[in-house]
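Chemist: Okay, handing you the structure first.
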Amino acid sequence: MTKADLVNEIAKNTGIEKVTVLKAVESFMDSVKSSLEKGDNVYLRGFGTFAVKKRAQKTARNITKNTTMIVPEHYIPSFKPTAEFVDNVKKNVKK
């Protein structure tokens, strides 16, 4: 599902205009991004947590050149769904 599909689905289910829904979705994404950039986590009860994870410094190897390099400590965004959300996906997704 793309952002456009999400906007269409929300507009269809709520009766709100697509332009308004698009602004709300983009505002939500901007708020999550800015919170994570500040180092703050975003908790959505019943859905999951957008969090910032710290990756420790490590040594990496370039096997083609047979060299090593140090990858410095850095932070990455992550998402952890709630247990209920994970269970629903496990039960309902069919391949």
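Chemist: For the range 29-38, state whether one or more residues are touching a Phe, Trp or Tyr at 6+ places or on another chain (Cβ under 7 Å), open to solvent by less than 60 Å² (accessible area, probe 1.4 Å), farther than 21 Å from Val7 by Cβ and of a type in the set (Ser, Thr, Tyr).
Modeler: The first filter runs over the range 29-38 and keeps only residues touching a Phe, Trp or Tyr at 6+ places or on another chain (Cβ under 7 Å), leaving 32, 36.
Then keep just the ones that are open to solvent by less than 60 Å² (accessible area, probe 1.4 Å); that gives 32, 36.
So of that shortlist, the ones also farther than 21 Å from Val7 by Cβ come out as 36.
Checking the rest, the ones that are also of a type in the set (Ser, Thr, Tyr) come to none.
Looking through the range 29-38, none of the residues is touching a Phe, Trp or Tyr at 6+ places or on another chain (Cβ under 7 Å), open to solvent by less than 60 Å² (accessible area, probe 1.4 Å), farther than 21 Å from Val7 by Cβ and of a type in the set (Ser, Thr, Tyr).
Chemist: Can you tell me which residues in the range 57-71 are more than 30 Å from Lys33 (Cβ to Cβ) and either within 17 Å of the chain's Cα centre (by Cα) or surrounded by 10 or more Cβ atoms within 10 Å (Cβ to Cβ) (or both)?
Modeler: Hit for the range 57-71 is Arg61, nothing else.
Chemist: Please go through the range 72-87 and pick out each residue that is within 25 Å of Ser34 (Cα to Cα) and either over 11 Å from the mean Cα position of the chain (by Cα) or not in a strand (DSSP E or B) (or both). Outline the logic, then answer.
Modeler: Restricting attention to the range 72-87, the residues satisfying the condition of being within 25 Å of Ser34 (Cα to Cα) are 72-82, 85.
The answer is Pro72, Glu73, His74, Tyr75, Thr82, Phe85.
Chemist: In addition: Is it true that Lys90 is within 30 Å of Ile10 (Cα to Cα), surrounded by fewer than 10 Cβ atoms within 10 Å (Cβ to Cβ) and either among the basic types (Lys, Arg) or touching a residue at least 40 places away in the same chain (Cβ under 8 Å) (or both)? Even if it seems obvious, please write down each step before you answer.
Modeler: Numbers: within 30 Å of Ile10 (Cα to Cα): yes; surrounded by fewer than 10 Cβ atoms within 10 Å (Cβ to Cβ): yes; either among the basic types (Lys, Arg) or touching a residue at least 40 places away in the same chain (Cβ under 8 Å) (or both): yes.
Yes.
Chemist: Can you name every residue in the range 1-23 that is surrounded by 12 or more Cβ atoms within 10 Å (Cβ to Cβ) and farther than 22 Å from Phe85 by Cα?
Modeler: Filtering the range 1-23 for residues surrounded by 12 or more Cβ atoms within 10 Å (Cβ to Cβ) gives 6-11, 16, 18, 20-23.
If the condition is that a residue be surrounded by 12 or more Cβ atoms within 10 Å (Cβ to Cβ) and farther than 22 Å from Phe85 by Cα, then Asn8, Ala11, Ile16, Lys18, Thr20, Val21, Leu22, Lys23 are the ones that fit.
Chemist: When the residues of the range 16-56 are filtered to those that are under 17 Å from His74 (Cβ atoms) and in a strand (DSSP E or B), which remaining residue is nearest to the chain's Cα centre (by Cα)?
Modeler: Here the residue is Ala51.
Chemist: Still on this model: Quickly run through the range 39-56 and pick out the residues that are over 24 Å from Ile10 (Cβ atoms) and open to solvent by less than 100 Å² (accessible area, probe 1.4 Å). Break it down stepwise before answering.
Modeler: We begin by selecting, within the range 39-56, every residue over 24 Å from Ile10 (Cβ atoms); these are 39-41, 51-56.
Result: Gly39, Asp40, Asn41, Ala51, Val52, Ala56.
Chemist: Here's something else I'd like to know. Scan Ala56, Ala60 and give me the residue that is more than 20 Å from Met29 (Cα to Cα) and modelled with pLDDT of 95 or more.
Modeler: One residue alone meets the criteria, Ala56.
The values are calculated or read from the model by the stated rules, or taken from the named source; none is laboratory data. Note that this is a predicted model, so its numbers are computed, not measured. In this analysis, Cβ positions are derived from the backbone assuming ideal geometry, glycine residues included, and neighbour counts consider all displayed protein chains. Side chains are part of the model used for accessible areas, which takes the heavy atoms of the whole protein and leaves out ligands, DNA and RNA. Shrake-Rupley method; radii C 1.70, N 1.55, O 1.52, S 1.80 Å.
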